[in-house]
1. Within the accessible area of the range 341-488, what % is carbon and sulfur when the probe is 1.4 Å and the other protein chains stay in place?
2. Quick one: give the max-minus-min coordinate of the C-alpha atoms of the range 341-488 along each principal axis, largest first, in Å.
3. Please compute the net charge surrounding N381, taking Lys and Arg as +1 and Asp and Glu as -1 over other residues with Cβ under 13 Å from its Cβ.
4. Could you state the accessible area per residue of the range 341-488 in Å², with a 1.4 Å probe and every protein chain left in place?
5. With θ set to phi - 60° and the Karplus curve 6.51 cos²θ - 1.76 cosθ + 1.60, what are the ³J(HN,Hα) couplings of the range 416-431 in order, to the nearest whole Hz, using x for Gly and Pro?
6. Would you calculate the separation in nanometres between label points at K53 and S34, each defined as 7 Å from the Cα along the Cα-to-beta-carbon direction?
7. At what distance in nm do the modelled label points of Y45 and N141 sit from each other, each positioned 7 Å from its Cα along Cα→Cβ?
8. Given H placed 1.01 Å from N in the peptide plane, which residues other than close sequence neighbours of S464 have an amide H under 5 Å from its amide H?
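The values are calculated or read from the model by the stated rules, or taken from the named source; none is laboratory data. The shown structure was predicted, so the numbers you read here are calculated from the model rather than taken from an experiment. Positions of Cβ are generated from backbone atoms using ideal geometry, with glycine treated the same way; all protein chains shown enter the neighbour counts. The protein model used for the area step is the full one, side chains on, heavy atoms only, and it has no ligands, DNA or RNA in it. Shrake-Rupley method; radii C 1.70, N 1.55, O 1.52, S 1.80 Å.
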Amino acid sequence: MALYGGVGAMALPSELIVHIFSFLSDSDKLRASSVCSRWRECLFYPSLWTELKLRVGGGANRGGSGSEQTPRLEFLMRKFGSFVRELHLEVSPVDGYLNPLSGVEGRVEPVERDPQLLDRWKDARITYLEQVLCVLGCIRNNRNLQKLSLYGDTCIQDEGILDSAYLQQVDQGGKKIKEIQQLLVEVLSNSRKIKWLSSAFMLGVVTPCSLASLSNPSAGSLEHLGLLDNQLSCLVSPVELERLVHLRSLALDFCDFTSELSHLLAGGDRAPLHRLSLMLNGAALKAKPLDGTASEDDWKALVQRSANLRVYVMALDVCSQDLLRVLKPSLPLERIHLDSYSTLVTDGTLELIAQQYNKTLSHFVLMRDDTGFPDLGINRNEDPLVLLAWRCVHLSVLVIHGYTVWSHNLVAISRLRGSSLKVLAVSEESIDFDPDQRVFMEGDPIHNLVKEVSLGLGRVWHPSMDSNLVLSEPTQHFHREMQSFSLGM
């Protein structure tokens, strides 16, 4: 469009063009950069790219296969890697990719392995290694980096993959893995003002020695640290954690949160901790037992030092006996996610949660991805889910799938918590109707349920028709929930 006096938009000063382009999304910026050289020059101005959020993998849903996305990733990182301040990289599962080694208890006989699937698996790992090398190589000398968040494809992280002969086929002698680890060391040692450092389930990226390379300036500025991996070694040692005196948020494997770490964080010569996210994987408890984790006295001391501390726990395939061991009375639990493929959560566990955390719990997620929908209240006068909604006065998020939720209990929950229950997500297949009540009910039972729950919540409500809306990949959910939880500190 011509401007007043017939002067074209090209006559505008670069500073004004850059300001106008600042209102565009990243994808629109890239499209606009192909208009002309002047726009391209303005669009690649550093102030427009202080933050990069990148997702690679995911097949056609993400604009092509992982290998097809690599050139675009390389272009972006070459342009912005040296000065970007916040970098988020998420390597998502490729469509249809499965772990060819997984099976019952993580083992599959050689005759059952699909050669075609193995080839696809190898291609995915090669692409993964190339993309991680590209990203870390382009930010290795970035002294302005303030936030680095990495999340890896969890199918890469299945138990046994790191030591399998198949990984050697794509990375002979572990050369690329060693190069990736060295690049991360350079990124951390060259940094000067990192405030957020997070790496979750990134194959071979972080080692128990990685944190030692963090520069002293960044050790003094770091406010959030999240290191999660399926490898057995603890990624955060007390010696390295002691350097992080301004740490306000921490995310770890539950078994790595030892009594020693808790005691250190309760010290008076450091900033109080505000957020703690812990992931407990039942499949790893044989190799990483709960012995040595924070005791009741440790939690009391930590809470006394950090009065505003709130904790988020995800328990994946953890039996109720182990849950009862970790859910200490003094643990300031705000969010809990109980997820399983076969392990059942008991009504006693729910009763304990409702009693111990009635003043702190705000998010409760109960998921089970298996056949059958067990009824937690079958041997009780009062349904444990209703009691939890009644006792936990700050409950604002309730998500349920894989367990039977009786319609009249769902109505009771909506009335107990009302509009303060911001999220009530229950899969339609989890909802059941009492046959005795149907006799006195007129019309469609689903329609009546929707009407009653909507009245209770004070807004329109519907059950989740698609279980995928409530059933997501657990570790990916943990990573994203941890991000939002920690940002709220």
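1. Working: 3750 of 7080 Å².
Ligands and nucleic acids excluded, carbon and sulfur reach 53 percent.
2. Taking the Cα atoms of the range 341-488, the three principal extents are 48, 33, 30 Å.
3. Details: positive: R380; negative: D347, E351, E382, D383.
Residues close to N381 contribute a combined charge of -3.
4. Values: 7080 Å² over 148 residues.
On a per-residue basis, 48 Å².
5. Couplings: 5, 9, x, 5, 6, 7, 5, 10, 10, 10, 10, 5, 4, 6, 7, 8 Hz.
6. Here the modelled spin labels are 2.3 nm apart.
7. In this crude label model, Y45 to N141 measures out at 2.5 nm.
8. Under 5 Å from the amide H of S464 lie the amide H atoms of V426, S427, E428, each far enough along the sequence or on another chain.
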